[in-house]
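The next block holds one structure in the form of structure tokens; read it before the comments.
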């Protein structure tokens with residue numbers, strides 16, 4: 001009779017479960033992806049622009065290309081980000097495993113209340129949580145968001161790594177060129193001091209002129225020492241980026257600043273939504289917040305599943321005349337957990353997560369606007385640094401022409417050696433200013449492509 005009653009109840013429960021399976025989850029809120037049609041500070045395409053995935057090739061420097069490749073393979077932070085990406089992808093591959101049937105075996109010893117018998121209970125339990133009311137969708141969204149965040153985190157690490165390597169390479173070349181010029185300037189100052197001392201002995205120069213020149217020599221020596229220190233510091237930073245404990249000796253030898261060969265950029269504002277890791281991470285945060293809101297909403301509704309078990313119970317009586325007996329009890333049926341009263345805690349969690357979802361959508365829009373602003377700023381800086389480099393080059397050429405003319409005058413006995421030294425020092429100052437302008441333009445180019453999010457994408461072969 002009990003079986004006759006249970007069958008219609010079980011059939012009704014199954015019908016209810018099938019009906020509930022059609023409950024749709026809440027959609028992810030729409031995101032404001034609007035961007036300007038073009039860059040306000042766009043550069044004129046004076047040369048072919050490199051691809052975003054290899055933007056550093058705009059310097060046309062084989063040494064830089066090799067260094068970037070080594071950094072992408074050896075940097076410790078990037079390798080750690082790769083491991084985090086692997087971990088997130090493993091979990092994403094099992095996003096719905098919690099809503100599949102699982103089986104467990106158990107065995108335990110129980111005693112009767114009178115302690116006159118013991119029961120050895122063993123069996124198998126099967127439970128299938130159906131993940132209705134958006135539970136499975138919410139879980140999937142959260143794990144997908146974690147994997148996407150890990151992927152974008154790795155992309156962001158690559159962006160920062162490549163930008164730092166290129167910037168440090170430029171600064172190292174600039175520091176080495178500056179050091180060469182500072183050494184020449186120090187020699188010229190020392191020669192000038194010797195000439196002034198000779199003129200002072202002849203009564204043709206004042207002690208004040210000699211003292212000022214001695215001060216210039218001391219300053220030139222200190223500046224040259226600072227140049228050595230700058231080379232060592234940048235080389236040490238490069239070693240850190242490549243996961244090395246000491247810089248390579250080749251980095252400390254005389255080098256030259258890599259010259260930027262292009263000025264154009266290949267990306268439109270809409271490309272930021274695809275290439276900039278910060279924007280993609282903000283989008284993943286929206287997906288995670290939507291998943292959390294879905295789970296919080298589902299917690300206010302019944303949890304429905306199907307359970308089954310087979311148990312064997314062996315009775316062992318302490319009365320020796322009673323033989324042990326074994327009973328088998330199979331069973332299967334619906335599992336329903338209905339929340340009734342919890343002082344409004346589940347509702348508060350649902351409301352709280354809805355606010356967090358709204359905040360995530362606003363954060364996404366802010367990430368888009370911040371990306372646009374950073375690119376516009378970088379474009380403006382690159383324009384100004386390009387103009388500054390052009391003017392610094394014109395000034396350096398003018399000073400070099402003046403130094404050459406003074407040298408010719410000295411050969412004709414129309415200028416003194418002191419005038420020749422002064423003109424040469426002025427020409428060196430112009431070259432130093434030009435190196436600074438070129439390095440700053442290169443660093444601005446790096447900042448532009450970092451703002452655009454240009455870097456290699458995460459390798460697709462990871463699990």
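All of the numbers you see were taken from the coordinates with simple rules; none came from a lab. What you see is a predicted model; the values in this text were computed from it and never measured. Here the Cβ positions follow ideal geometry from the backbone for every residue, glycine too, while neighbour counts run over all protein chains shown.
Laid out as a table, the results:
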| read-out | value |
| --- | --- |
| From the C-alpha gyration tensor of the range 202-311, square roots of 5λ in Å | 67, 22, 18 |
| Segment residue 210-residue 240, extension gain: residue separation times 0.36 nm, minus the distance between their alpha carbons | 6.3 nm |
| Burial ranking of peptide ranges 382-394, 399-411 (average Cβ count within 10 Å, highest at the top) | 382-394, 399-411 |
| Full-stretch length increase - residue 66, residue 249 - with 0.36 nm per residue and alpha-carbon distance subtracted | 64.3 nm |
| Neighbour-count order for 34, 303, 439, fewest beta carbons within 10 angstrom listed first | 34, 303, 439 |
| Segments 182-194, 237-249 sorted - mean Cβ within 10 Å per residue, highest first | 182-194, 237-249 |
| Scattering profile of the range 103-254 at q = 0.17, 0.21 Å⁻¹ [log10 I(q)/I(0), Debye over alpha-carbon scatterers] | -1.02, -1.19 |
| Cβ-Cβ FRET estimate between residue 390 and residue 91, R0 fixed at 45 Å, reported to 0.05 | 0.25 |
| FRET efficiency, 1/(1 + (r/R0)^6) with R0 60 Å, evaluated for residue 127 and residue 57 via beta carbons | 0.60 |
| Centroid-to-centroid separation of the range 241-307 and the range 215-230 [C-alpha atoms, Å] | 42 |
| Principal axis dimensions, the range 2-452 - Cα atoms, whole angstrom, descending | 133, 59, 41 |
| The range 2-452: relative contact order as a whole-number percent, Cα under 8 Å and 6+ apart | 25 |
| Added length on full extension, which subtracts the Cα-Cα distance from 0.36 nm per residue, residue 106 to residue 419 | 102.8 nm |
| Cβ-Cβ FRET estimate between residue 76 and residue 412, R0 fixed at 56 Å, reported to 0.05 | 0.35 |
